[in-house]
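This report refers to the structure that appears directly beneath it.
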Amino acid sequence: GNSVTQMEGPVTLSEEAFLTINCTYTATGYPSLFWYVQYPGEGLQLLLKATKADDKGSNKGFEATYRKETTSFHLEKGSVQVSDSAVYFCALSRYTGNQFYFGTGTSLTVIP
Amino acid sequence: GAVVSQHPSWVICKSGTSVKIECRSLDFQATTMFWYRQFPKQSLMLMATSNEGSKATYEQGVEKDKFLINHASLTLSTLTVTSAHPEDSSFYICSARGLTDAKPMLLNEQYFGPGTRLTVT
């Protein structure tokens, strides 16, 4: 089956610290992989995505590389800001279907 | 970008009553809408997929007579939780996909609403 496992939180970091949120997946075929972010009181927003192995998605200083050999899509940012405080969801989908499979979400708090 | 709204953002109802949640696409035509449910510290789980003008397709294990979905227009889908019970208390999130500039959105482009917190007492 298809599933996503991501690092449990909450995660608290100081401003300018390095961030890694781990995400691994199980899927049949060749899924697309996503990171979504949810700021307080708002909907999920697409942060970045990768559609095939070795692709790197990047946006707003965040990066994640689609690693087929380790079935991983870890989210990284070199220097977090207070404004990055949010809940981050790793997800996969397959082009042949509508369904998204989400991880449980990781809450990140960045303190000044 | 495309915006999806939900109403209400939170609702408390008594056991046995029904509650309706609205999901609207504000600046695009949503040909397909999705309803997800999220329990605390758990993943979002897809409940059903609805296409405008047709019956919703429910995921395995989701009671279609309990969770009524109507997608009557290209901008509105509703989820009605009938005869609600405390175990229905959850966070319900909708998402939508459709047309932008008259072109179909990519299959994996979905825009999410902010969610509705339902508490059944």
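In table form, for the structure just shown:
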{"item": "Normalised alpha carbon radius of gyration of chain A [divisor 2.2 N^0.38 Å]", "result": "1.02"}
{"item": "Amide H within-cut-off set for A:Gly9, under 5 Å, with H built and near neighbours excluded", "result": "A:Ser107"}
{"item": "q = 0.12, 0.15, 0.17, 0.22 Å⁻¹: log10 I(q)/I(0) that the Debye formula gives for the stretch B:28-91, counting C-alpha atoms only", "result": "-0.30, -0.47, -0.60, -0.93"}
{"item": "Estimated buried accessible area (total), pair A and B, 1.4 Å, Å² to nearest 100", "result": "1500 Å²"}
{"item": "Unmatched cysteines, chain B - criterion: no other Cβ of a Cys under 4.7 angstrom", "result": "B:Cys13"}
{"item": "Residue-wise HN-Hα coupling along the stretch A:6-18, computed from phi with Karplus coefficients 6.51, -1.76, 1.60 (Hz; x: Gly, Pro)", "result": "10, 4, 7, x, x, 10, 10, 10, 7, 4, 6, 6, 8"}
{"item": "Local electrostatic count at A:Thr104 - Lys and Arg +1, Asp and Glu -1, tallied over other residues with Cβ under 10 Å", "result": "0"}
{"item": "Principal axis box of the protein assembly as shown, alpha-carbon based, largest edge first, Å", "result": "48, 39, 34"}
{"item": "Of B:Ser25, B:Phe112, B:Ile93, farthest towards positive along the dipole that unit charges on Lys, Arg, Asp, Glu beta carbons give chain B", "result": "B:Ile93"}
{"item": "Relative contact order, percent, chain B [alpha-carbon distance under 8 Å, six or more residues apart]", "result": "37 percent"}
{"item": "Loop GluC sites (Glu not before Pro), the stretch A:19-112 (other Cβ atoms within 10 Å of the site Cβ: 12 or fewer; DSSP)", "result": "A:Glu69"}
{"item": "Cα centre as origin, Lys/Arg/Asp/Glu Cβ charges: the protein assembly as shown dipole, Debye", "result": "420 debye"}
{"item": "Given chain B, longest segment not containing exposed loop trypsin sites (Lys or Arg not before Pro) (DSSP; at most 11 other Cβ within 10 Å)", "result": "B:42-121"}
{"item": "Residue-normalised accessible area of chain A, given per residue in Å² at a 1.4 Å probe", "result": "47 Å²"}
{"item": "GNM result for chain A, Cα springs below 10 Å: residue of A:Gly61, A:Gly41, A:Gly29 fluctuating most strongly", "result": "A:Gly41"}
{"item": "Heavy-atom SASA rank of A:Asp84, A:Asp55 (probe 1.4 Å, accessible area, largest first)", "result": "A:Asp55, A:Asp84"}
{"item": "At most 11 other Cβ within 10 Å, DSSP loop - chymotrypsin sites (Phe, Trp or Tyr not before Pro), the stretch A:16-110", "result": "A:Phe18"}
{"item": "Spatially proximal lysines relative to A:Lys77 (Cα-Cα < 17 Å; intrachain offsets below 8 disregarded)", "result": "A:Lys49, A:Lys56, A:Lys60"}
{"item": "Chain A - charge dipole about Cα centre, Lys and Arg +1 at Cβ, Asp and Glu -1, debye rounded to 20", "result": "400 debye"}
{"item": "Charge dipole (the protein assembly as shown, unit charges on Cβ, about Cα centre) - positive-most of B:Ile12, A:Thr109, B:His71", "result": "B:His71"}
{"item": "GNM flexibility winner over chain A from A:Gln99, A:Gln45, A:Gln81 (Cα, springs under 10 Å)", "result": "A:Gln99"}
{"item": "Heavy-atom accessible area per residue - the stretch B:1-61, 1.4 Å, Å²", "result": "57 Å²"}
{"item": "Solvent-accessible area, 1.4 Å probe, carbon plus sulfur percent, for the protein assembly as shown", "result": "51 percent"}
{"item": "Rel. contact order, % - alpha carbon contacts under 8 angstrom, at least six apart, chain A", "result": "37 percent"}
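The values are calculated or read from the model by the stated rules, or taken from the named source; none is laboratory data. Owing to the predicted nature of the structure, the values given are computational and were not obtained by experimental measurement. Glycine gets a Cβ as well: all are built from the backbone with ideal geometry, and neighbour counts include every protein chain shown. Areas reflect the complete protein model, heavy atoms only, side chains present, ligands, DNA and RNA absent. Shrake-Rupley method; radii C 1.70, N 1.55, O 1.52, S 1.80 Å.
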